[in-house]
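Quick notes on the structure that follows.
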Amino acid sequence: MSHDGCIEVAWKGQAFSYLLHHSGFHKTENYGTKRHEQHSSATSAVQQNLSDTQTKAGTGTWQGPAPKGFGVVKEETAQDLARSAALEPTFARLGNGQTIPFLGLGVAGVADQSVIDAALAAGIRHFDCTSATPAEESILGAGLAAFLAANGDRASLFLTVPVRSTTVVGGAAVPATVPTAEEVLSSVSASLLALHVDYLDLVLLPAAVDNCAAAAAVTWRALQDLVAAGKVRNLGVSNYSLVDLESLAQSASASPSASPSISPSLKPLVNQIELHPRLAQRKLVGVSLRKGILSVAHTPLGGVEGSKELLVVPAVQAIVESTGRTAAQVLLRWNVQRGVPVVFGVSGVSGISADQQKQWVKEAAEGVRGWKLDYVQKAALDAVDASATSAAKRDAEVAKTASKRFYTPQGLVFADAEEGGAVKPSTVL
């Protein structure tokens, strides 16, 4: 190479002793050689059959038998769980980097402002008006006004409201058709006025009885405009199936808002759905998360207005006895520990006094922080939804009846759990 001005390298024509199959390969200390030395009493025949990769393997090579694992799960001590709980964040992160507190209070059925005051005193900063009436939303607004007047930090609050429609079905807040763009503007404006704030942290578009994809895309563009105007920070949906989520996300990307400042990729960041051990909805939660959509649990205690069915499940009661926690605290903790924020409410105790509601709010707030379910307890609750067991997987009929919904509003039909996302092989083979 001297003709082009380069100097010939000094090592030209020499062999590299550090290459694996070089005759002068120098011995290195590694797992394989160490193990070979410890078993030097082995027969020479065995030693002669050792390959280069067994005697001259790289430093990080393991030549022993395949690891067998622990065999049994390592028992977690109380100190381990307490240390882990102390390091646990109090919020989940949305797909855009903003945060949402793990514990939220649903204000539907709240007795009076003193319940809101008690929630704030207990450290709750996430308030959800999804199922609340405008009057109950005003009660929350009065409590927030007092909090902010006493130098409370607005940035610490996370306020969620729905897009209210004039075409609700029955007594549930489920619209017959997708809310229009005009209803979006009037609903958000009314919530801002009732809550005495300048912006909303999250606005949810509820699933409608007739959940027309084209109409939802138009409504979504109206919501995007509110984000561009600074009146809304984040957008989400409630009670959407995976199929509906995929359709809306695609529409949000393909049909950007008319406002030039809004990003065309402003997709839903939250899907508020019913989640508890009897309705884990693992595929919906997991696939949504991979798409950047966080699932938030409503009806986390399994039922409203005095229903106790989920509270007396044997697996729940066993944990109650071993931890000294209440059944409600155990159920709330189960969702939080799987990374799902929960919205618990007082609607199930709306017939009792404000003092009793305040006690329940305090109990819920204290029950989520400062402790954790251990592996065995978490696994026991995971198994409550029998659709996750191997026996249920072998029997499609069992799988269909294993899960149970407590939230069944009139007219709203929930899609099959396996629709959307990647197709499960067992459903086509």
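The values are calculated or read from the model by the stated rules, or taken from the named source; none is laboratory data. Everything numeric here is computed off the predicted structure, so don't read it as measured data. Because the Cβ atoms are built from the backbone with ideal geometry, glycine has one as well, and the counts that use them run over all protein chains shown. To get the accessible areas, we keep the full protein, side chains included, count just its heavy atoms, and leave off ligands, DNA and RNA. Shrake-Rupley method; radii C 1.70, N 1.55, O 1.52, S 1.80 Å.
Filter the cross-link list Lys283/Lys308; Lys308/Lys378; Lys283/Lys404 down to pairs whose alpha-carbon distance in this structure exceeds 23 Å.
Lys283/Lys308
Under unit Cβ charges (Lys, Arg +1; Asp, Glu -1), what dipole magnitude, rounded to 20 debye, does the range 90-381 have relative to its Cα centre?
Numbers: 22 positive and 22 negative charges, 206 e Å.
Using only the charged Cβ atoms, the result is roughly 1000 debye.
Can you work out the accessible area per residue across the range 90-381, with the rest of the protein chains kept in place, probe 1.4 Å, in square angstrom?
Details: 11100 Å² over 292 residues.
I get 38 Å² per residue for the range 90-381.
For the range 111-123, in order, what is each residue's ³J(HN,Hα) by Karplus, 6.51 cos²θ - 1.76 cosθ + 1.60 with θ = phi - 60°, in whole Hz (x at glycine and Pro)?
Once rounded to whole Hz, the list reads 6, 7, 5, 4, 5, 5, 4, 5, 5, 4, 5, 7, x.
Highest mean first, how do 126-132, 364-370 rank when packing is the count of other Cβ atoms within 10 Å averaged over residues?
126-132, 364-370
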